[in-house]
Amino acid sequence: MGASLRAVRALVLLAGFYLLGVILLAALVGIDFAVVTKLHGPVAFKIIIVSVVLAVPIVRGLFMLRTPKGEPPAGVTVTEAQEPVLWQTVREVAQQVGTRAPDEIVLIDEVNAAVAEDARLLGLRPGTRRLYLGLPLMTGLDEMQLRAVLAHEMGHYANFDTRLTPLIARGRAQLIRTIGHFHERADNKVAKERARQEKRDEKRLAKGKDAKGVDTAGQGATYRAMAKIYMAYGNFYMRATHTAGRRQELAADLASVRVAGRDSAASALRELNALDSAHGFYMSSYATLGVGAGLLPRPGEVFGGLRKLLDARAEELDGLRRDLSTEPVSPYDSHPPLAERVARIEALPDDGRAGQSARPALELLTDAGAALAALEQAVLTPEALGLRRMDWEDLVHESMTRYVGQGAQEIRETFAAEGAGPGLPALLDAVDADPAVRWRIADRFPKSEEAAAATGRTAREFARPVVRRALNQLVTVELTGRGQARWQLSWSDSAALHYPSEGFEEQLRLALDAVVADVPDTEPLRKLVLAP
Amino acid sequence: MIGLYVLGAMLLFGAFKILRGIYYIRKAKRLEAEVAALEGRTVASDSRTAAAKAEQKAREAAAVVALGFVAEEDLDTDNALPVPPERKAALDAVRAGDWEAGAAYVEACGTDWEERWQRVRALAEVAAEDDAWLLAWRAARPADPSAALVNADTGVLVAWNVRGSARASHTTQEQFRIFHELLAKAQEQAWEAQRLADPADPVPYMVEQSVSLGLGYPHEQYRRLWSQITKRDPKNLSAHTNAMQYWSQKWRGSHERALAFARECAAGAEPGELLSALPLIAYVEQELHESDLEPETFFKEPEVAAAVDAALVDLAAADPDDWRTVRLRHLLAWFLFWQDRDAEAVEQFRHIDGHIGAMPWYYWPKSRYVHARDWAVRVVTPGMEP
């Protein structure tokens with residue numbers, strides 16, 4: 001189907017929505033007319049009232065012509081003067097795909113690239129084209145893979161997809177909103193009825209009678225019926241535009257193969273899959289690790305550290321590159337499942353461009369570090385920007401020390417409540433004086449059901465690891481406080497405590513075991529940790 | 001004037017509506033009361049029927065008890081036979097902190113390894129609850145092989161207490177983690193007991209049998225452990241019944257492996273050595289495990305009947321004073337009951353009655369035992385209805 005045909009169909013489908021509204025309104029007017037001429041009195045009046053009430057959401061749906069403007073993603077707009085190579089690349093891709101280059105490039109903080117166009121006149125006339133390009137995306141791709149992604153997005157331009165998209169989107173938004181109005185009204189009615197019946201029950205209870213219970217079945221049924229009509233049309237609409245949407249996606253994939261070569265196009269899609277999870281994990285476990293302690297990594301590193309994670313966890317990520325989802329993202333997403341797209345691309349004949357060397361995509365930027373730092377200024381909240389900046393190594397040590405210290409505070413208080421504290425030496429003295437203090441301490445920590453039900457030696461076995469864990473945490477605080485142990489950043493694993501010497505960890509394990517043993521011995525731990 | 005008529009009519013109409021409303025409400029209340037009364041009568045009649053049935057059952061149960069059998073509520077589910085007075089005394093003494101009494105009790109059985117195993121297990125059961133005396137014993141005699149044995153066996157019991165008896169899906173990660181840690185510890189304690197023990201003593205290896213279940217020993221490792229036991233005590237009944245658990249389907253074996261092991265051991269034993277109990281255990285485990293097996297048909301199959309006959313011969317050849325015969329009698333009672341050999345079953349029930357902490361009864365509530373026993377007794381007693 002050509003672009004103009006698609007445009008016509010989109011128009012027809014949108015017109016269908018308006019037509020549906022008009023027909024429904026006409027039906028209501030017809031009923032009212034019949035009622036007024038055949039019936040008199042309160043019944044007729046009531047029917048007219050109902051029809052007016054039903055007409056309101058239809059009319060509202062008809063006149064909400066403008067699609068709601070989504071908040072554009074925050075980012076840094078870069079001019080051609082600032083980023084000549086990037087602009088040059090984008091222009092080349094646009095030319096190869098056969099479309100006009102975007103008017104603006106906005107760098108954003110997502111693993112995503114997207115084009116948007118403020119199309120005018122229902123999408124029939126072109127408007128400002130904007131390319132949103134995620135720096136985390138560029139971080140994970142090489143130049144050819146980035147070209148593949150860009151070509152895919154530009155492929156939509158070439159097919160006029162983006163200009164039509166507002167049209168399709170408007171129709172879709174309108175339908176969803178109208179259905180929403182009916183449901184909302186139905187729900188309101190149910191809620192009112194519920195409130196009324198609950199009040200009645202309360203009164204009955206207050207008078208010493210049984211409550212009748214709340215039954216709101218059948219309330220708001222007319223609204224729901226109207227919503228159903230629209231939903232039926234909506235399903236039809238989705239089906240009619242969905243297959244076309246999927247075809248367009250596959251055509252756009254072919255465009256990226258033409259531009260970047262088969263292997264780069266396929267690997268870019270695989271990379272996207274891995275990047276998405278890697279970035280999410282990076283943001284929660286690394287970039288924001290210190291936030292609770294008021295710390296952020298150095299400027300440029302908040303988004304830039306991702307590269308280090310990608311390098312360190314290459315093997316883990318290979319799994320994500322290999323195993324692609326065969327499920328569509330959502331029933332309303334026009335993208336076919338990733339596995340299907342990659343399979344189609346990889347089934348194409350070899351174009352001899354395998355193994356082409358390419359520089360990292362970030363090198364297309366004049367100064368990647370500066371761009372990453374500028375992005376922070378654009379997307380982080382003022383509170384986040386106000387945090388202290390630190391090198392990664394220090395950040396991990398400082399924040400872990402802080403968090404463990406916070407946890408240890410509660411532990412100290414628990415120990416102190418049994419007269420075994422607040423410090424480690426006082427605790428060990430208390431254990432020497434009365435070994436049973438350990439089990440009393442364990443009783444003060446939260447317990448599982450099974451641990452609470454246990455008696456005798458079994459209860460002790462449940463308690464032993466609890467005491468040992470708490471003790472270990474105090475030891476950690478003690479060692480980090482003395483500067484003997486340090487939290488070590490690892491890009492491939494979780495942060496780990498780095499002990500003063502080889503074999504220290506094993507000695508510590510035995511020393512902790514000795515403190516919680518049936519016959520306790522605190523000496524090894526004193527020697528190991530408390531010795532000056 | 002017309003206005004007045006209309007008003008009057010409306011008032012009359014309103015009054016009619018209100019009166020009708022009141023009438024209906026009253027009627028509804030009357031009907032509700034009737035329904036409640038009827039329901040009450042149904043409940044009463046149901047409970048009368050239930051009471052009559054319960055009374056009938058109680059009468060029947062009392063009739064069996066009158067023949068000299070133990071009433072359901074008096075059945076001891078902890079032991080397979082009456083606890084010997086010296087064991088009771090020893091356990092009471094250690095509970096009171098006198099570990100030396102416990103040590104002496106274990107030592108007293110000398111090289112009767114079966115008895116030594118029983119005594120160690122009895123002490124371990126006490127220690128799993130309260131082990132202050134055991135800690136004192138260990139502190140006073142660090143190289144005492146018996147103390148090491150009790151310690152290791154206690155470790156296994158405590159590990160299982162932590163694990164609980166619920167299915168894996170109802171067992172928490174905390175339970176599993178501690179369970180495995182404790183079993184690993186118990187394994188080391190068992191090895192320690194093996195180092196300290198009299199080289200002829202198989203019991204430290206029998207303790208390791210219990211560890212092997214939870215840790216899931218591979219077959220090769222288990223066979224090595226088994227050879228350590230059999231070269232010290234080739235016919236030890238408890239070691240064999242322990243091994244039956246390992247080879248059962250629910251642990252590391254299968255119905256076929258369990259039965260093959262049982263038959264091999266039984267075939268290699270002399271009459272009177274009681275290893276004919278093993279095939280019966282294999283059948284009990286299989287029937288328990290396979291929900292589509294019906295005991296009234298499965299236990300009547302020729303090979304099962306043959307195993308029961310062999311066990312009866314074995315039992316007849318055994319020393320009647322040997323307490324281990326009771327374990328075989330428990331099994332025989334169950335099989336004979338299902339094989340409709342009620343007179344023979346009653347003979348076994350007479351021997352075992354009162355203490356049912358034994359295979360197969362410990363798998364079920366005691367009502368199952370009572371049902372089987374009472375049924376067999378009623379069948380063979382003239383004038384009683386089964």
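Around the amide H of A:Leu107, modelled in the peptide plane, lie the amide H atoms of A:Val76, A:Thr77, A:Val78, A:Leu133, all under 5 Å away and 5 or more residues distant in sequence or on another chain. The Cβ shell under 12 Å around A:Ala430 holds other residues with a net charge of -2, Lys and Arg each +1, Asp and Glu each -1.
The mean count of C-beta atoms from other chains within 10 Å of the C-beta of residues in A:316-322, rounded to a whole number, is 0.
Would you list, by chain and number, the lysines whose Cα falls below 19 Å from the Cα of A:Lys46, excluding same-chain residues fewer than 8 positions away? Output for A:Lys46: A:Lys38, A:Lys189.
Need one word for the range B:233-367: rounded, prolate or oblate. Basis is the Cα gyration tensor (sqrt eigenvalues a ≥ b ≥ c); a/c below 1.5 gives rounded, then a/b vs b/c decides. Verdict is rounded for the range B:233-367.
Amide H contacts under 5 Å for A:His498: A:Arg486, A:Trp487, A:Gln488, restricted to partners 5 or more places along the chain or on a different chain, H placed in the peptide plane at 1.01 Å from N. When the scattering of the range B:217-276 is computed by the Debye formula from its Cα atoms alone, each counted once and equally, what is log10 I(q)/I(0) at q = 0.22, 0.29, 0.30 Å⁻¹? Debye curve over Cα of the range B:217-276, log10 I(q)/I(0) at q = 0.22, 0.29, 0.30 Å⁻¹: -0.90, -1.35, -1.39. Under the membrane-span-like helix rule (DSSP H runs whose alpha carbons stretch at least 30 Å along the helix axis, mean Kyte-Doolittle hydropathy -0.5 or higher), chain B yields B:2-66. Multiplying the residue separation of A:Glu410 and A:Ala370 by 0.36 nm and removing their Cα-Cα distance gives an extension gain of 10.1 nm.
Within straight-line reach of B:Lys88, meaning a Cα separation under 27 Å, sit the following lysines at least 8 residues removed in sequence or on another chain: B:Lys366. Full extension of the chain between B:Glu107 and B:Glu125 yields a length gain of 4.7 nm, computed as 0.36 nm times the residue separation minus the alpha carbon distance.
Given a Förster radius of 41 Å and the C-beta distance between A:Thr79 and B:Glu174 as r, what FRET efficiency does 1/(1 + (r/R0)^6) yield to the nearest 0.05? Given R0 = 41 Å and the Cβ-Cβ separation, E is 0.10. Stretched out straight at 0.36 nm per residue, the stretch from B:Asp309 to B:Lys27 would grow longer than its current Cα-Cα span by 94.1 nm. Let's test the formula: R0 of 56 Å, r as the Cβ-Cβ distance of B:Lys57 and A:Asp434. What FRET efficiency results, to the nearest 0.05? After rounding to 0.05, the efficiency reads 0.50.
Label sites at A:Val59 and B:Leu12, each approximated as a point 7 angstrom past Cα along Cα to Cβ, lie 4.6 nm apart. Each peptide in B:20-30, B:113-123, A:85-95 receives the mean, over its residues, of other Cβ atoms within 10 Å, and ordering these scores from highest gives B:113-123, A:85-95, B:20-30.
Counting only other chain Cβ atoms within 10 Å of each residue's Cβ, the peptide A:452-464 averages 5.
Solvent-free Debye calculation, one equal scatterer per alpha-carbon of chain B: log10 I(q)/I(0) at 0.14 Å⁻¹ equals -1.29. Ordering of A:140-150, B:163-173 by packing is A:140-150, B:163-173, highest average first (other Cβ atoms within 10 Å, averaged per residue). Per the Debye formula on identical point scatterers at the alpha carbon atoms of the protein assembly as shown, with no solvent, log10 I(q)/I(0) at q = 0.05 Å⁻¹ is -0.62. For the pair B:Glu39 and A:Arg91, label points projected 7 Å from Cα toward Cβ lie 8.6 nm apart.
Counting Lys +1, Arg +1, Asp -1, Glu -1, what net charge surrounds B:Ala58 among other residues with beta carbon under 14 Å of its beta carbon? Combined, the nearby Lys, Arg, Asp and Glu give -2. For a straight C-alpha distance cut-off of 18 angstrom, the aspartates and glutamates reachable from B:Lys53 (same-chain residues fewer than eight places away being disregarded) are B:Glu72, B:Asp374, B:Glu385. Spatially, the range A:30-60 and the range B:54-82 are offset by 80 Å when compared through their Cα centroids. Around the Cα centre of the protein assembly as shown, unit charges on the Cβ atoms of Lys, Arg, Asp and Glu (plus for the first two, minus for the last two) sum to a dipole of about 6680 debye.
Summing charges over neighbours of B:Ala80, with a neighbour being any other residue whose Cβ is under 11 Å away from its Cβ, gives +1 when K and R count +1 and D and E count -1. The Cα-based radius of gyration of the range B:1-152, divided by its Kirkwood radius, gives an Rg/Rh of 1.66.
We did not get these values from a lab; they are worked out from the coordinates using the rules stated. The structure displayed is predicted, hence computed values, not measured ones. With ideal geometry, Cβ positions are generated from the backbone for all residues, glycine too; neighbour counts draw on all protein chains shown.
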